[in-house]
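To start, the structure itself, in structure tokens.
The values are calculated or read from the model by the stated rules, or taken from the named source; none is laboratory data. This is a predicted model, so every value here is computed, not measured. No Cβ is skipped: glycine too gets one built from the backbone with ideal geometry, and neighbour counts run over all protein chains shown.
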Amino acid sequence: MTNTIAIGIQWGDEGKGKIVDLLAPDVDVVARFQGGPNAGHTLVLGDKKTVLNHIPSGILHEDTLCLIGNGTVVDPKRLVEEMDMLIEAGIPVTERLKISERCQLILPYHRSLDAAREVAKGKAKIGTTGKGIGPCYEDKTARRGIRLVDLTSDDLDERIDANLEYVNFMLVEYLKAAPVSRMEVDAMLDLARERLLPLAADVPLILQRRIKAGDSILYEGAQGSMLDVDHGTYPFVTSSNTVAGAALAGLGVGPGQVDAVLGICKAYTTRVGAGPFPTELYNAEGMECPSGKHMAEKGNEFGSTTGRPRRTGWFDGVVVQHAVRINGVTGLAITKMDVLDGLEEVKLCVAYELDGERLESVPACCKQLEAVEPVYETLPGWSENTFGATSMEQLPANARALLKRIEEVCDCPVTMLSTGPDRSHIIHL
Ligand code: IMP
């Protein structure tokens, strides 16, 4: 196993949790580099389904060290809840987890601002997860954020006072929302001091030592490339860089310390929240195409963090090609292939058309992306069951033809194919 970055390359929810979970036993370290409690992956602990938001998927493996890098934003209350769920299930989290001392903390006022801003935006809202992600990253860039290491700083009180004065002015005067009390913030800071500070570490130092010792590292992304604040469908994006390059800045490693980039995408497309989605077929707002409904129902397309129904549509080869370029993807992991079983025909978007012109890359302007018409290739579907297939020979010829066409259109080999939720439902190519 080499040092690999594993990232989502659509609009998030590509099934990264399962792929990372599969790779984790073969690596020594799993490291998260961006995002926060807006991400979510479901784990089965005993007979109970559990959603983890911050903690890397590798936490279940005895010999795997899990790192939360400086590029992430951490909600102390939620992270402690996750730790406690795992501890209750007998997993010695504190022995396996380290948190960068440079991590930004999500404090109660970040959530309040996130919610109040969405309300104020009305119909133009982003559809955020409401976890305070945007306001926390804003504070980081504005240099008023509170990092884990700042909990030991003697000017913390002053900085919190200044932040609250500013935030409560915004909340009350401008957004007409309730103010946040100092008591609420202090309670969160106390919790972080008590439970998270003991896990604070110099993550770049740990990584350098591990890499020097020949250990293998899995860099785990959250969300997807189309939600990247620079390369995604701005402004309908998250507030961090989700692309492979962010792994370097978000953990403190160099480009020479990465060998491969695994781009994870579904065999179709989903999106939650607002924003352009050229190949969309189905959504909770009344778009009702039967193939999209098939994907939503068979794929159980509901957000793991918010429970919101996801919008669904055909595989968008323009989006995935764009992602292959901006991330330097070396191999594709295609998930949920089995969800397409039973469709009479399957479409693949290979280009866009805008005002009579053919576009082969994603326009930077959201209004233009909203106006494009997808150019589809239609391939015959299959009635056979691919659920749980473990070799290419078990796939019907039409499914294999779709994969081959995806490789050609996206200019990237498929190296993994997931055919069901279980760990064993995988084909390595
Ligand atoms: P935020 O990250 O909560 O600010 O939300 C910004 C946008 O990113 C919204 O459209 C969210 O639905 C979307 N988003 C954030 N995290 C995820 C994720 O893990 N999966 C899918 N969409 C996400």
>> Whether any residue in region 63-71 is closer than 25 Å to VAL237 by Cβ, among the small types (Gly, Ala, Ser) and within 13 Å of the ligand (Cβ to nearest atom) is what I want to check.
In response: no
> GLU370 versus (1) acidic (Asp, Glu); (2) in contact (Cβ under 8 Å) with a residue 24 or more places away in the chain; (3) surrounded by fewer than 12 Cβ atoms within 10 Å (Cβ to Cβ): which is the lone unmet condition?
Replying inline: (3)
> MET295 passes all but one of (1) in the same structural domain as ALA39 (by TED's automatic domain parsing); (2) farther than 30 Å from VAL203 by Cβ; which number fails?
Replying inline: (1)
> Any idea how many residues of region 377-429 are among the polar types (S, T, N, Q) and touching a Lys or Arg at 6+ places or on another chain (Cβ under 9 Å)?
Replying inline: 3
> Only one of LEU45, LEU23 is under 19 Å from LEU65 (Cβ atoms), surrounded by fewer than 24 Cβ atoms within 10 Å (Cβ to Cβ) and more than 11 Å from the ligand (Cβ to nearest atom); which?
Replying inline: LEU23
>> Kindly evaluate GLY254 against the criterion of being away from the ligand (no atom under 15 Å from the Cβ) and more than 15 Å from ALA6 (Cα to Cα).
In response: yes
> Checking ARG193 against (1) in a helix (DSSP H, G or I); (2) within 16 Å of the ligand (Cβ to nearest atom), which single condition isn't satisfied?
Replying inline: (2)
> Restricting attention to region 267-276, and to residues there that are surrounded by fewer than 24 Cβ atoms within 10 Å (Cβ to Cβ) and modelled with pLDDT of 95 or more, which single residue is farthest from LEU340 (Cα to Cα)?
Replying inline: GLY275
>> Can you pull out every residue in region 291-315 that is away from the ligand (no atom under 16 Å from the Cβ), surrounded by 21 or more Cβ atoms within 10 Å (Cβ to Cβ) and touching a residue at least 24 places away in the same chain (Cβ under 8 Å)?
In response: TRP314, PHE315
> Residues of region 257-267 being within 16 Å of the ligand (Cβ to nearest atom) and among the β-branched types (Val, Ile, Thr), which ones?
Replying inline: ILE264
> Filtering region 268-290 down to residues that are within 11 Å of the ligand (Cβ to nearest atom) and in a strand (DSSP E or B), which residue is nearest to VAL350 (Cα to Cα)?
Replying inline: THR270
> From the residues in region 201-230 that are surrounded by fewer than 24 Cβ atoms within 10 Å (Cβ to Cβ) and of a type in the set (S, T, N, Q), which one is nearest to the ligand (Cβ to nearest atom)?
Replying inline: SER216
>> Looking at region 339-359, can you tell me whether even one residue there is part of a helix (DSSP H, G or I), closer than 21 Å to THR312 by Cα and within 24 Å of the chain's Cα centre (by Cα)?
In response: yes
> With respect to LYS49, is the statement that it is among the basic types (Lys, Arg) and touching an Asp or Glu at 6+ places or on another chain (Cβ under 9 Å) true?
Replying inline: no
>> Filter region 370-403 down to the residues that are within 20 Å of PRO278 (Cα to Cα) and assigned to a strand (DSSP E or B) and list them by number.
In response: GLU373, PRO374, VAL375, TYR376, GLU377, THR378, LEU379
> Among VAL324, VAL243, VAL319, which is the only one that is at pLDDT 95 or above, away from the ligand (no atom under 16 Å from the Cβ), closer than 30 Å to THR4 by Cβ and not in a strand (DSSP E or B)?
Replying inline: VAL324
>> What pairs come out if I take residues in region 195-214 that are among the acidic types (Asp, Glu) and pair them with residues that are at pLDDT 95 or above whose C-beta lies under 7 Å away, six or more apart or interchain?
In response: ASP202/GLU101
> Within region 114-142, restricting attention to residues that are of a type in the set (D, E, K, R) and surrounded by fewer than 14 Cβ atoms within 10 Å (Cβ to Cβ), which residue is nearest to the ligand (Cβ to nearest atom)?
Replying inline: LYS121
